[in-house]
Amino acid sequence: MDRTYEEYKEIINKHLLDFIPVIDNKSISLYDSMKYSLTAGGKRLRPILLLASCEFAGGDIKDALPYAIAIEYIHTYSLIHDDLPAMDNDDLRRGLPTNHKVYGEAQAILAGDGLLNTAFEAMNKDLMMYFDEPEQLPKRIKAAYEIAKGAGVRGMVAGQTSDIESEETDISNEMLEYIHINKTGALIKAAIKAGLYLGDPDPDMIERMDRYAENLGLSFQIADDILDVVGDAAELGKNVGQDQKDHKNTYTSINGLEQAYKRLDELSDDALKAISDYYDNAEFFANLIRELKNRSK
Ligand code: GRG
């Protein structure tokens, strides 16, 4: 497992549109609007985590590709919907006007719906290709299940619901972490677990990477909260200071910047502890958490 983040990213970007089925010309704005947000850029963190986790567990990334691309489709749908006026009402994403600013609200909703459904179509299509090799099915079913669970009503959608409901109200740190763990952490964790399952992980690896993933997911959101205060809009490709303007509950608004940095340190130390002493090939995952910390300085 010696590929770099950039090498994984190149693989993802090369195959990003491969799993979108041919869409009838009569509905071509659906394809255009889905493609617009997919190809607008992005760090590709979740699919990269999925591919890296698969290789870490001894798997072949060729097996993991449909699942990796599917998770990026799901993530992109969530960003399109999150940016809608009914949710965060953002006009800039990945350095470009948000989907609804270009295609209108109705089409942006449909672009999100299209991406979400295409993700499940891609994973199911992959499963169907292995009907005659039943020993190949369990790992794929487990991966698809982890992704469905992380994206769904016990994960991202639940977190988003609580986030929206708690706007303009005072919430506890426990509630804030519940929101972060689900809204952002669940899909990150799903990427890692799905990737592991597509390899051949032992139970200890699953447990350690679970702990790593939980810490990474929460760190990622806290870093995002910090960047909304100290970050640079051009570098981030989205508006900053938006959370404060919208009176959003964030780690920094509730606890202050200093405490946010402290929590980020705690979480990243624990993520490193979960893996560093046990694996001599976990450098990719260790570097990722270090870079996340540095990026928010
Ligand atoms: C609409 C069901 C539903 C859920 C939306 C992901 C999400 C849930 C909302 C996004 C809100 C947000 C800005 C959260 C902060 C952390 C986060 C997920 C940032 C965006 O992910 P990145 O930084 O984006 O990986 P790129 O563009 O690099 O893919």
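Which FRET efficiency, nearest 0.05, do Lys125 and Glu177 yield, Cβ-Cβ r, R0 25 Å?
About 0.10, to the nearest 0.05.
Which residue fluctuates most in the GNM of the chain (Cα springs below 10 Å): Ser219, Ser33, Ser166?
Highest fluctuation of the listed residues: Ser166.
Provide, for q = 0.11, 0.17 Å⁻¹, the log10 of I(q)/I(0) from a solvent-free Debye sum over equal Cα point scatterers in the chain.
-0.64, -1.55
What are the ³J(HN,Hα) values, in whole Hz, obtained from phi via the Karplus relation 6.51 cos²θ - 1.76 cosθ + 1.60 with θ = phi - 60°, for each residue of region 126-137 in sequence order, with x given for Gly and Pro?
Listing the rounded values in order: 5, 4, 5, 6, 10, 4, 8, 10, x, 5, 8, 7 Hz.
What does the convex hull of the Cα atoms of region 91-194 come to per residue, in Å³, rounded to a whole number?
Details: hull volume 14.0 nm³, N = 104.
Measuring per residue, one finds 134 Å³ for the Cα hull of region 91-194.
How far, in nm, would the chain grow between His247 and Asn117 when pulled straight, counting 0.36 nm per residue and subtracting the alpha carbon separation?
Values: separation 130, 0.36 × 130 = 46.80 nm, distance 3.25 nm.
Taking 0.36 nm per residue and subtracting the Cα distance, the gain is 43.5 nm.
Taking 0.36 nm per intervening residue step and subtracting the Cα-Cα distance, what contour gain separates Asp280 from Thr169 on full extension? Intermediate results must be reported in sequence, preceding the final value.
Details: separation 111, 0.36 × 111 = 39.96 nm, distance 4.57 nm.
That pair, Asp280 and Thr169, stretches by 35.4 nm at full extension.
So what is the 222 nm mean residue ellipticity for the chain from helices alone, if each DSSP H run of at least 4 adds -39500 (n - 2.57) and you divide by all residues, rounding to the nearest 500 deg cm²/dmol? All intermediate terms of the calculation are to be shown ahead of the outcome.
Working: 16 runs with 204 residues, N = 297.
Estimated from H runs of four or more residues: -21500 deg cm²/dmol.
Want the number for Arg290 to Met87: 0.36 nm per residue separation, take away the alpha-carbon distance, what's left?
Values: separation 203, 0.36 × 203 = 73.08 nm, distance 3.16 nm.
So the chain would gain 69.9 nm between Arg290 and Met87.
Assigning unit charges at the beta carbon (Lys, Arg +1; Asp, Glu -1) and nothing else, what dipole magnitude in debye, to the nearest 20, does the chain show about its Cα centre?
Numbers: 33 positive and 53 negative charges, 100 e Å.
I would put it at about 480 debye.
Name the residues whose placed amide hydrogens come within less than 5 Å of the amide hydrogen of Leu92, ignoring near sequence neighbours (fewer than 5 apart) on the same chain.
Thr98, Asn239
Just name one of Ser219, Tyr197, Leu187: the one whose Cα is farthest towards the positive end of the charge dipole of region 135-240 (beta-carbon charges, Lys/Arg +1, Asp/Glu -1).
Working it through, the farthest residue towards the positive pole turns out to be Tyr197.
Which residue fluctuates most in the GNM of the chain (Cα springs below 10 Å): Asp83, Asp63, Asp202?
Among Asp83, Asp63, Asp202, the largest GNM mean-square fluctuation belongs to Asp202.
Only the coordinates and a few stated rules stand behind these numbers; no lab work does. Computed from a prediction, not measured in an experiment: that's the story for all the values here. Methodologically, a virtual Cβ is constructed for each residue, glycine included, from the backbone with ideal geometry; neighbour enumeration extends over all protein chains shown.
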